Amino acid sequence: MKNLFLVTAFACLSILQANANEQKIIRISTDNTDLILQVAENGRLYQSYLGEKLLHENDLKNLPWDIHAGSDGSVTRRGWEVYSGSGNEEYFEPAIALTHNDGNPSTYLYYVSSSTQAVEGGTQTTINLRDDKYPVDVTLYYVAYPKENVIKTWSEIKHQEKKPVILSKYASTMLYFNRTKYYLTEFSSDWAKEMQMSSQQLQPGKKILDTKLGSRAAMHIQPFFEIGLDQPVNEHQGEVIMGTIGWTGNFRFTFEVDNVGNLRIIPAINPYASAYELKPDEVFTTPEFIFTLSNEGTGSGSRNLHEWARNYQLKDGKGNRLTLLNNWENTGFNFNQEILADLMTEAKHLGVDMFLLDDGWFGNKYPRKDDHAGLGDWEVTHDKLPGGIKALTDAAKEAGVKFGIWIEPEMVNPKSELFEKHPDWAIHYPNREMYFYRNQLVLDLSNPKVQDYVYQVVDNILSENPEVAYFKWDCNSPITNIYSPYLKDKQGNLYIDHVRGVYNVMKRVKENYPNVPMMLCSGGGARCDYEALKYFTEFWCSDNTDPVERIFIQWGFSQFFPSKAMCAHVTSWNRNTSIKFRTDVASMCKLGFDIGLKELSQDELKYCQDAVANWKKFQSAIMEGTQYRLVSPYESNHMAVNYVSKDKKQAILFAYDIHPRYQEKLMAVKIQGLDPNAMYKVEEINLMPNTNASLRNNGKIFSGDYLMKVGLDVFGFGQTQSHVISIIAQ
Ligand code: DGJ
């Protein structure tokens with residue numbers, strides 16, 4: 001009897017398999033990766049493969065299907081549904097949950113059609129799905145970038161029911177893996193502690209990474225992850241998926257290992273307090289989820305993402321970046337016209353391109369003399385800066401540098417004229433005492449009038465002062481007192497519509513001022529996702545500029561971002577370290593200074609001037625080239641990274657001794673990415689005046705092959721020492 005049951009089940013399975021194989025196959029491929037989707041005989045869409053690219057098209061129809069025989073002999077499909085709906089036969093976490101007008105909470109999505117079209121850098125696949133019982137449509141989008149081996153995917157949800165439906169889950173996508181083990185690396189954060197990497201093996205059940213802070217959303221957890229497939233994440237080898245969501249608000253990554261040890265990954269907006277009321281015909285667009293699958297560890301995955309970001313996502317991804325002198329760490333709020341003019345002259349003397357004026361330049365009734373007042377009143381404080389912004393841009397011109405300015409336009413201090421005039425523009429409860437973060441409130445960007453106001457902050461400055469060459473756009477507070485006076489009975493839409501409002505403003509700024517570079521900042525690095533970075537050329541990694549901490553923070557961010565997106569400034573944090581060490585650490589990214597240059601000795605200043613000149617000389621490697629992380633600070637007492645220009649003619653190696661142990665074994669550092677047959681002159685640069693190079697064989701010529709296989713002895717036993725090596729093809 002038991003045998004008869006098995007034979008029958010097997011026969012049914014075979015029939016199902018045969019039918020399924022005749023169904024439509026959708027192939028989404030880069031040069032290295034295949035994501036294969038297939039319409040099953042039940043008319044629904046399943047993932048049949050995600051992994052290394054398959055060589056033979058013919059094999060696609062033979063990909064295994066996850067079909068289970070029920071214990072009663074029936075055959076059911078419990079495969080990997082691509083956009084699984086809540087309330088269907090699926091036992092695990094769904095992509096979409098929606099309550100229809102009649103109160104029914106189920107969604108079954110059936111394949112309708114699909115198409116492909118060429119888009120910048122790749123191919124976009126569009127797949128239309130529809131519920132068979134309710135007028136609900138979901139469109140899935142995938143853009144595959146073949147050369148960069150990156151896939152970007154998002155979805156759209158809409159309906160034609162009579163009244164709004166309530167959306168309570170809205171994933172960007174779902175991806176599945178069938179491996180022996182999964183190791184997650186996450187990036188936890190806090191103020192001055194951004195991008196701390198930690199890893200763990202995923203166990204059955206769910207691991208969730210999410211935030212509900214609204215505006216300074218990534219303060220405690222960053223929207224990035226890496227998963228080592230079968231083995232822990234490794235820099236140089238092994239399969240790894242590296243993913244990130246482009247959403248400048250509450251996000252949620254769900255990693256669920258099911259009963260048979262398969263993993264599903266669900267990147268989404270966090271549905272926390274966000275039961276979203278979606279009107280008929282309104283389109284709910286989910287954020288883009290961006291991922292790369294590397295077979296050679298995270299090093300290669302990062303290079304994919306760096307290349308992709310510069311080519312297609314980052315604002316002015318291929319353009320130059322400005323070196324700068326900022327005044328925040330130096331003067332804080334205490335400055336006037338003369339002090340600033342003086343700093344501009346210093347900036348010129350240092351050799352940087354721009355002076356950046358930070359917080360504290362605005363507010364009259366409530367002058368911004370500390371962080372308790374003035375936010376929202378974007379008029380120059382007359383008694384502090386009587387000549388206005390005009391006098392500042394004039395002074396910058398005279399000094400021979402550009403002028404940039406800090407704003408925090410999404411926020412308001414209750415002590416401000418803006419709040420006095422428009423209390424209903426701030427997010428806060430009508431009937432409770434307010435609580436604050438940094439003495440401020442978040443403006444309600446779900447309100448179009450507020451969007452206009454925020455846009456005008458930038459527009460007014462630029463139309464009155466076209467010489468302003470740069471913005472640092474800050475965002476210091478999470479959303480507190482989460483209630484929108486504007487949305488009234490649709491509070492479930494607030495977290496989401498607020499972020500969409502922020503994008504409306506950023507879009508307008510970019511459309512009208514496409515050539516103004518902008519730094520994204522959020523009380524350090526709490527906002528640096530790839531959607532916001534469509535509108536920003538770079539971001540501030542952290543207020544922590546202690547070079548030792550920065551080595552770790554920058555190592556973390558470099559997993560996902562090219563160095564031209566990452567701002568690093570030389571400051572007075574950790575005065576126990578030399579100015580050389582601080583500058584050499586900042587030189588790995590977009591270099592800037594935020595330090596009183598008068599406190600430097602002659603030699604230190606000369607060293608800084610040379611370092612700026614060297615950084616500019618090596619821009620084509622550091623900013624535009626390929627990055628190789630060589631020695632991890634997480635695994636040793638040192639760190640090393642090298643950059644190689646696209647033509648392989650120029651490379652630069654940064655090596656740091658953090659806190660080496662007494663007589664510990666020092667290994668040579670093997671450079672990567674050189675032309676093995678080219679000859680390279682190797683020279684230590686960024687030396688303090690009157691000091692000799694510590695590099696053995698300084699000035700000698702080696703083949704690329706030698707440098708990559710034998711390497712250079714650059715590490716030493718000193719505490720917080722650094723070595724910068726120029727590698728130039730002869
Ligand atoms: C937080 C930023 O991270 C700092 O760099 C500085 O701009 C302050 N805000 C100013 O309030």
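The values are calculated or read from the model by the stated rules, or taken from the named source; none is laboratory data. Everything quoted here is computed from the prediction, not taken from an experiment. Note: ideal-geometry Cβ built from the backbone for every residue, glycine included; neighbour counts use all protein chains shown. For accessibility, only protein heavy atoms count, side chains too; no ligands or nucleic acids. Shrake-Rupley method; radii C 1.70, N 1.55, O 1.52, S 1.80 Å.
Would you check which residues across region 453-471 are in a strand (DSSP E or B) and open to solvent by 10 Å² or more (accessible area, probe 1.4 Å) and list them?
Of everything in region 453-471, just one residue is in a strand (DSSP E or B) and open to solvent by 10 Å² or more (accessible area, probe 1.4 Å), namely Ala469.
For region 78-94, check the following and say yes or no: at least one residue is open to solvent by less than 20 Å² (accessible area, probe 1.4 Å) and of a type in the set (Val, Ile, Thr).
yes
Please go through region 397-441 and pick out each residue that is within 13 Å of the ligand (Cβ to nearest atom) and either among the hydroxyl-bearing types (Ser, Thr, Tyr) or surrounded by fewer than 18 Cβ atoms within 10 Å (Cβ to Cβ) (or both).
Within region 397-441, Tyr437, Arg438, Asn439 meet the criteria.
Hey, does region 630-637 have a residue that's open to solvent by less than 10 Å² (accessible area, probe 1.4 Å), within 25 Å of Lys564 (Cα to Cα), in a strand (DSSP E or B) and modelled with pLDDT of 95 or more?
no
Considering only region 507-545, state which residues are within 19 Å of the chain's Cα centre (by Cα), away from the ligand (no atom under 16 Å from the Cβ) and either open to solvent by less than 10 Å² (accessible area, probe 1.4 Å) or among the β-branched types (Val, Ile, Thr) (or both).
Within region 507-545, Asp529, Tyr530, Leu533, Thr537 qualify.
Residues in region 128-150 that are in contact with a Phe, Trp or Tyr (Cβ under 7 Å, 6 or more places away or on another chain) and part of a strand (DSSP E or B): how many?
Number of matching residues: 8.
Can you tell me which residue in region 352-379 is surrounded by the most Cβ atoms within 10 Å (Cβ to Cβ), limited to those that are near the ligand (Cβ under 10 Å from one of its atoms) and not aliphatic (A, V, I, L, M)?
Among those that are near the ligand (Cβ under 10 Å from one of its atoms) and not aliphatic (A, V, I, L, M), it is Arg368.
Report yes if Thr244 is open to solvent by less than 30 Å² (accessible area, probe 1.4 Å) and part of a loop (DSSP other than H, G, I, E, B), otherwise no. Break it down stepwise before answering.
Values: open to solvent by less than 30 Å² (accessible area, probe 1.4 Å): yes; part of a loop (DSSP other than H, G, I, E, B): no.
Criteria not met by Thr244.
Looking at region 49-84, which of the residues that are farther than 25 Å from Ala95 by Cβ and at pLDDT below 60 is nearest to the chain's Cα centre (by Cα)?
Ala69
For Val548, all conditions in the list (1) of a type in the set (A, V, I, L, M, F, W, C); (2) in a helix (DSSP H, G or I); (3) away from the ligand (no atom under 16 Å from the Cβ); (4) open to solvent by less than 10 Å² (accessible area, probe 1.4 Å) hold save one; what is the number of the exception?
Among (1) of a type in the set (A, V, I, L, M, F, W, C); (2) in a helix (DSSP H, G or I); (3) away from the ligand (no atom under 16 Å from the Cβ); (4) open to solvent by less than 10 Å² (accessible area, probe 1.4 Å), the lone unmet condition for Val548 is (4).
Right, Lys207: surrounded by fewer than 24 Cβ atoms within 10 Å (Cβ to Cβ), on the phi < 0 side of the Ramachandran plot and part of a loop (DSSP other than H, G, I, E, B) or not?
no
Could you list, in sequence order, all residues of region 689-710 that are more than 26 Å from Lys580 (Cα to Cα) and either open to solvent by 70 Å² or more (accessible area, probe 1.4 Å) or in contact with a strand residue (DSSP E or B) (Cβ under 7 Å, 6 or more places away or on another chain) (or both)?
Phe702, Ser703, Gly704, Tyr706, Lys709, Val710
May I ask you to list the residues in region 329-351 that are within 11 Å of the ligand (Cβ to nearest atom) and more than 29 Å from Lys421 (Cβ to Cβ)?
Within region 329-351, just Glu329 meets the criteria.
Inside region 472-499, can you point out the residues that are polar (S, T, N, Q) and not in a helix (DSSP H, G or I)? Write out each step before concluding.
Initially, region 472-499 is screened for residues polar (S, T, N, Q), giving 476-477, 480-481, 484, 491, 493.
Asn476, Ser477, Thr480, Asn481, Ser484, listed by residue number.
Among the candidates Leu305, Leu322, which residue alone is buried (at least 16 other Cβ atoms within 10 Å of the Cβ), of a type in the set (A, V, I, L, M) and either within 16 Å of the ligand (Cβ to nearest atom) or over 14 Å from Phe561 (Cβ atoms) (or both)?
Just a single option satisfies the conditions, and that option is Leu322.
Quick check: anything in region 433-448 assigned to a loop (DSSP other than H, G, I, E, B), over 30 Å from Gly400 (Cα atoms) and touching a Leu at 6+ places or on another chain (Cβ under 6 Å)?
yes
Output the residues belonging to region 386-406 that are in a helix (DSSP H, G or I) and either out of contact with any strand residue (DSSP E or B) (no Cβ under 7 Å at 6 or more places or on another chain) or more than 9 Å from Met354 (Cα to Cα) (or both).
Hits for region 386-406 are Gly388, Ile389, Lys390, Ala391, Leu392, Thr393, Asp394, Ala395, Lys397, Glu398, Ala399.
Give Lys564, Lys648, Lys616 a once-over and let me know the one that is touching a residue at least 60 places away in the same chain (Cβ under 8 Å), in a helix (DSSP H, G or I), farther than 17 Å from Asp543 by Cα and open to solvent by 10 Å² or more (accessible area, probe 1.4 Å).
Criteria check complete, one pass: Lys616.
Out of Gly261, Gly249, I need the residue that is open to solvent by less than 10 Å² (accessible area, probe 1.4 Å) and more than 16 Å from the ligand (Cβ to nearest atom). Which one?
When all the criteria are applied, what remains is Gly249.
Provide a single number: the residues in region 574-613 that are of a type in the set (Ser, Thr, Tyr) and either open to solvent by 10 Å² or more (accessible area, probe 1.4 Å) or more than 20 Å from Ala640 (Cβ to Cβ) (or both).
Within region 574-613, the first condition is being of a type in the set (Ser, Thr, Tyr), and the residues that meet it are 577-578, 583, 587, 601, 607.
The next check asks that each one be either open to solvent by 10 Å² or more (accessible area, probe 1.4 Å) or more than 20 Å from Ala640 (Cβ to Cβ) (or both); those that pass are 578, 601, 607.
Total meeting the criteria: 3.
When you scan region 568-586, do you find a residue that is more than 28 Å from Gln222 (Cα to Cα) and of a type in the set (A, V, I, L, M), even just one?
yes
Take the residues in region 651-691 that are among the basic types (Lys, Arg) and part of a loop (DSSP other than H, G, I, E, B); name whichever of them is nearest to the chain's Cα centre (by Cα).
Looking at residues that are among the basic types (Lys, Arg) and part of a loop (DSSP other than H, G, I, E, B), I get Lys670.
Which residues, counting only those in region 583-614, are hydrophobic (A, V, I, L, M, F, W, C) and touching a helix residue (DSSP H, G or I) at 6+ places or on another chain (Cβ under 7 Å)? If you could, list the steps in order and put the result at the bottom.
First, pick out the residues of region 583-614 that are hydrophobic (A, V, I, L, M, F, W, C): 585-586, 588-589, 591, 593, 595, 597, 600, 605, 608, 611-613.
Hits for region 583-614 are Val585, Met588, Cys589, Leu591, Phe593, Ile595, Leu597, Leu600, Leu605, Cys608, Ala611, Val612.
Scan region 467-478 and report the pairs whose first residue is more than 11 Å from Asn515 (Cα to Cα) and near the ligand (Cβ under 10 Å from one of its atoms) and whose second residue is assigned to a strand (DSSP E or B) and open to solvent by 10 Å² or more (accessible area, probe 1.4 Å), with Cβ atoms within less than 8 Å and a gap of 6+ or a chain change.
These pairs meet every condition: Lys472/Trp540; Asn476/Tyr437.
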